[in-house]
Amino acid sequence: MSDNRFYITTPIYYPSDKLHIGHTYCTVATDAIARYQRLRGREVMFLTGTDEHGQKIEDKAAEAGVSPKEFVDKIVCGDRGVLDLWKLMNISNDRFIRTTDDYHVSAIQKIFKKMYENGDIYKGKYVGKYCKPCESFWTESQLVDGKCPDCGREVQDAEEEAYFFRLSKYADRIQDLLENSDFLEPRSRVNEMVNNFIKPGLEDLCVSRTSFTWGVPVDFDPGHVVYVWVDALSNYITALGYDNDKYDDFDKFWPADVHIVGKEIVRFHSIIWPAMLMSLGLPLPRKVFGHGWLLLDGGKMSKSKGNVVDPYILAEMFGVDALRFFLMRTFPFGSDGNFSNELLIQTINTDLANDLGNLVSRTTAMVGKYFGGQLPAGCKTWAEPQEVDTQLIGMASALRDAYQKDMDTYAPHKALEEVFKVIQRANKYIDENAPWALAKDMEQSGARLAHVLYNLLETTRICGVLLTPFMPESMDKLFAQIGACEGCRTWDSAGVWGSLSDAATVSKGENLFPRVDAEKALEELERVAEEAKKAALPALEVEPLSAEQVDFDTFCKNDLRAVKVVNCENVKKSNKLLKFTLDDGSGTPRQILSGIAQYYKPEELIGKTLVAIVNLPPRKMMGQESQGMLISAVHTERGEEKLNLLMVSDAIPAGAKLC
């Protein structure tokens, strides 16, 4: 593979539900790295996709009353699905793979058979523990407090005939790979893999299942489906054309330069995947990088736990580029980070509105105000540069190399830190030179003013080039405002001070990053979050039937009667109680108090025929006696309790017994 080519992948995401901000974080990071490599002039293959097989999806599809394929099609291709999300977030992937694609299914059958014929897959019997949400098998000793060590949820006993991959055969080679190369980063992950998985004894891996059918059938034993790891991990090579005729890029792009994955799946990518490739006799990827989690309230976001943040809402409220920038600027890429709406707004206001936005706005406005939008010829240079000029030009000229070092080591947050050091220095440069003061005497200071403004425009241009992988649309607008031609937007030009023409046409244009009203935004986010939480709840829930049986004689002791509502009114000093005056057929009015004021207006119930238990002992409520209980039906809609009084035909006389 040519050194000028670069192959980068995200994990393929599991579409058991809508994707959340954690998935977006990983994909935006991968996209920024891919865009950076393209900026460098490399031919990039950027792959992402979806892992669509497995028991969890089969079960969720059954719950939804659709086929598994219909279920995943909706999540992937439906409204606000995976494809829509990546389009919204301006993800520049070159290829998108679905493990249900015919070419992939066919290739997986061939790969499985090769490993079987190599003697690395054999048939046996699996007995152990299984976590359905994680689709992971565990031994008893690997459990933490009897639960899945990855997600902390309950596991179930599993026993079935299965095919196994001889993972143990490759333990020594995998350990050597991890300990004696930079294959896995951050390096902190290496000790975790070696000490937790390899040294205790790497066990052979279950790679087929018979307890569900939604998967790739083993072609020589169709009662089995290929289990997740062989199916999912192989996407990185099948998407290039390995063992299929769909594509012809395998020799061109393999081995991958880097697999970007979340830390929870580092084990599969740094142990299982290289062992599979060793079995197939294929080169190993150059690097696996395991990024940290975005934490919410101190815990990992999880679709199954429901504690997720919807990227659609944030992108629509604050802008796609602002969200992309926040994700890359705020969280060290190899470590966990605590997500909050407050931090998002603070980052937008501080870095984008105050620092970058003000630099662009003030500079372009002054060029327009003092020079009509075009600086005079010759303003690039100054015969006797001042120290402040030298400092700014020096920082801006050295920026590209510092940025490159951080991007090449998968530290986008550090690369952005370098860019914003220069932006902050440029803002300070404005204050140091006070252009508004220079403009008071254009004859004496006009040339100096033009040079100061050129230095600001050129610094802005260099920063804009390096911010392009993170905020591509906004940087296009920035370049238009400062009059940067196509040749001034390249990687090479970012390393050459003075690339911007001093005759560039400058226009103030729109405010690229308006300040966010934090109070209003947080209120709106809270409202939207509550609506989303409600929408995620079941449309309808009823209390399960009681398992406890009641004998007939006990049931008959309940005296259920039809009662007519003579009067109904609110109970003073109570928000819940209604007071009913009822005709129960006895000739003596009966008073019952019921906590249903939130469901009915008193006047709506007068004249209705209801059902009451009339042989309950009287009890005091708000100082008044209640002589029985009205019968009602309750259920829940989207988490909200609903109540309906049991009303019967008005033809039924008061006092009629229900039996």
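Look at P538 and say whether it is part of a loop (DSSP other than H, G, I, E, B) and over 30 Å from Y25 (Cα atoms).
no
Would you tally the residues in segment 607-655 being charged (D, E, K, R), over 16 Å from E543 (Cβ atoms), touching a residue at least 12 places away in the same chain (Cβ under 8 Å) and exposed (fewer than 14 other Cβ atoms within 10 Å of the Cβ)?
Count: 2.
Need pairs with beta-carbon distance below 6 Å; first residue within 14 Å of K114 (Cα to Cα) and hydroxyl-bearing (S, T, Y) and within segment 223-234, second at pLDDT 95 or above and assigned to a loop (DSSP other than H, G, I, E, B); sequence gap 6+ or separate chains.
Hits for this filter: zero, empty list.
Inspect all residues belonging to segment 67-77 and state whether any of them is within 17 Å of Y14 (Cα to Cα), modelled with pLDDT of 95 or more and either among the hydroxyl-bearing types (S, T, Y) or assigned to a loop (DSSP other than H, G, I, E, B) (or both).
Yes, segment 67-77 contains a residue that is within 17 Å of Y14 (Cα to Cα), modelled with pLDDT of 95 or more and either among the hydroxyl-bearing types (S, T, Y) or assigned to a loop (DSSP other than H, G, I, E, B) (or both).
For the structure I just gave you, tell me whether Q444 is over 29 Å from F326 (Cβ atoms) and either among the small types (G, A, S) or assigned to a helix (DSSP H, G or I) (or both).
yes
On the given criteria, is L19 surrounded by 23 or more Cβ atoms within 10 Å (Cβ to Cβ), in contact with a Lys or Arg (Cβ under 9 Å, 6 or more places away or on another chain) and closer than 23 Å to P538 by Cα?
Here the answer is yes, as L19 does meet what is asked.
For (1) over 18 Å from T468 (Cβ atoms); (2) assigned by TED's automatic domain parsing to the domain that holds C26; (3) in contact (Cβ under 8 Å) with a residue 24 or more places away in the chain, each residue gets a yes or a no:
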{"site": "T364", "(1), (2), (3)": "yes, no, yes"}
{"site": "S397", "(1), (2), (3)": "yes, no, yes"}
{"site": "D408", "(1), (2), (3)": "no, no, no"}
{"site": "L416", "(1), (2), (3)": "no, no, yes"}
{"site": "I423", "(1), (2), (3)": "no, no, yes"}
{"site": "L438", "(1), (2), (3)": "yes, no, no"}
{"site": "A447", "(1), (2), (3)": "yes, no, yes"}
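Consider I97 against the criteria (1) part of a helix (DSSP H, G or I); (2) buried (at least 20 other Cβ atoms within 10 Å of the Cβ); (3) not acidic (D, E): it satisfies all of them except one. Which criterion is unmet?
In the conditions (1) part of a helix (DSSP H, G or I); (2) buried (at least 20 other Cβ atoms within 10 Å of the Cβ); (3) not acidic (D, E), I97 misses (1) alone.
Check I91, I121 and return the single one that is buried (at least 20 other Cβ atoms within 10 Å of the Cβ) and over 21 Å from V261 (Cβ atoms).
Of the residues listed, the single one that is buried (at least 20 other Cβ atoms within 10 Å of the Cβ) and over 21 Å from V261 (Cβ atoms) is I121.
For W382, which of the numbered conditions (1) at pLDDT below 95; (2) under 41 Å from the mean Cα position of the chain (by Cα) fails to hold?
For W382, the failing item is (2).
Residue-wise test of (1) more than 23 Å from A539 (Cα to Cα); (2) without any contact (Cβ under 8 Å) to a residue 24 or more places away in the chain; (3) outside the structural domain of S211 (by TED's automatic domain parsing).
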residue	(1), (2), (3)
Q55	yes, no, no
E63	no, yes, no
D84	yes, yes, no
F96	yes, no, no
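Restricted to segment 393-420, and to residues that are more than 29 Å from the chain's Cα centre (by Cα) and not small (G, A, S), which residue is surrounded by the most Cβ atoms within 10 Å (Cβ to Cβ)?
L399
From the list D31, D51, D73, D79, pick out the single residue that is over 21 Å from S211 (Cβ atoms), touching a Ser or Thr at 6+ places or on another chain (Cβ under 6 Å) and either acidic (D, E) or not assigned by TED's automatic domain parsing to the domain that holds G292 (or both).
D31
Could you please give the count of residues in segment 176-190 that are loosely packed, with under 12 Cβ neighbours inside 10 Å and either part of a loop (DSSP other than H, G, I, E, B) or modelled with pLDDT under 95 (or both)?
3
Limited to segment 488-517, what total is found for residues that are in a helix (DSSP H, G or I) and among the charged types (D, E, K, R)?
Residues meeting the conditions: 2.
Is there a residue being over 30 Å from Q346 (Cα atoms), among the hydrophobic types (A, V, I, L, M, F, W, C), in the same structural domain as L416 (by TED's automatic domain parsing) and surrounded by fewer than 22 Cβ atoms within 10 Å (Cβ to Cβ) anywhere in segment 463-486?
Yes, segment 463-486 contains at least one residue that is over 30 Å from Q346 (Cα atoms), among the hydrophobic types (A, V, I, L, M, F, W, C), in the same structural domain as L416 (by TED's automatic domain parsing) and surrounded by fewer than 22 Cβ atoms within 10 Å (Cβ to Cβ).
Applying the selection to segment 462-487, what residues are in a helix (DSSP H, G or I) and farther than 29 Å from K87 by Cβ?
Passing the criteria: I462, G487.
Look at segment 424-457 and say how many of its residues are more than 46 Å from the chain's Cα centre (by Cα) and of a type in the set (S, T, N, Q).
The number of residues fulfilling the criteria is 2.
Does A34 meet the test of being farther than 25 Å from F333 by Cβ and not in a loop (DSSP other than H, G, I, E, B)?
Judged against the criteria, A34 is not a match.
So E179 fits all but one of (1) closer than 23 Å to V258 by Cα; (2) touching a residue at least 40 places away in the same chain (Cβ under 8 Å); what number is the exception?
Against the list (1) closer than 23 Å to V258 by Cα; (2) touching a residue at least 40 places away in the same chain (Cβ under 8 Å), E179 comes up short only on (2).
Can you find a residue in segment 197-207 that is of a type outside the set (A, V, I, L, M), in contact (Cβ under 8 Å) with a residue 24 or more places away in the chain, in contact with a helix residue (DSSP H, G or I) (Cβ under 7 Å, 6 or more places away or on another chain) and buried (at least 18 other Cβ atoms within 10 Å of the Cβ)?
yes
Criterion first (crowded, with 19+ Cβ neighbours inside 10 Å, within 17 Å of the chain's Cα centre (by Cα) and assigned to a helix (DSSP H, G or I)) does D84 satisfy it?
no
Just a yes or no: is a residue in segment 626-637 part of a strand (DSSP E or B), of a type in the set (S, T, Y) and closer than 18 Å to L658 by Cα?
Yes, the conditions are met somewhere in segment 626-637.
Of (1) in contact with a Leu (Cβ under 9 Å, 6 or more places away or on another chain); (2) crowded, with 18+ Cβ neighbours inside 10 Å, P68 satisfies all except one. Which?
Of everything listed in (1) in contact with a Leu (Cβ under 9 Å, 6 or more places away or on another chain); (2) crowded, with 18+ Cβ neighbours inside 10 Å, P68 misses just condition (1).
Filter segment 70-114 for residues that are among the polar types (S, T, N, Q) and under 15 Å from T24 (Cβ atoms) and give the result.
Once the filter is applied, which keeps residues that are among the polar types (S, T, N, Q) and under 15 Å from T24 (Cβ atoms), segment 70-114 yields N90, S92, N93.
The values are calculated or read from the model by the stated rules, or taken from the named source; none is laboratory data. Keep in mind that this is a model prediction, so the values were computed, not measured. When we count neighbours, we look across all protein chains shown, and the Cβ atoms used for this are built from the backbone with ideal geometry, even at glycine.
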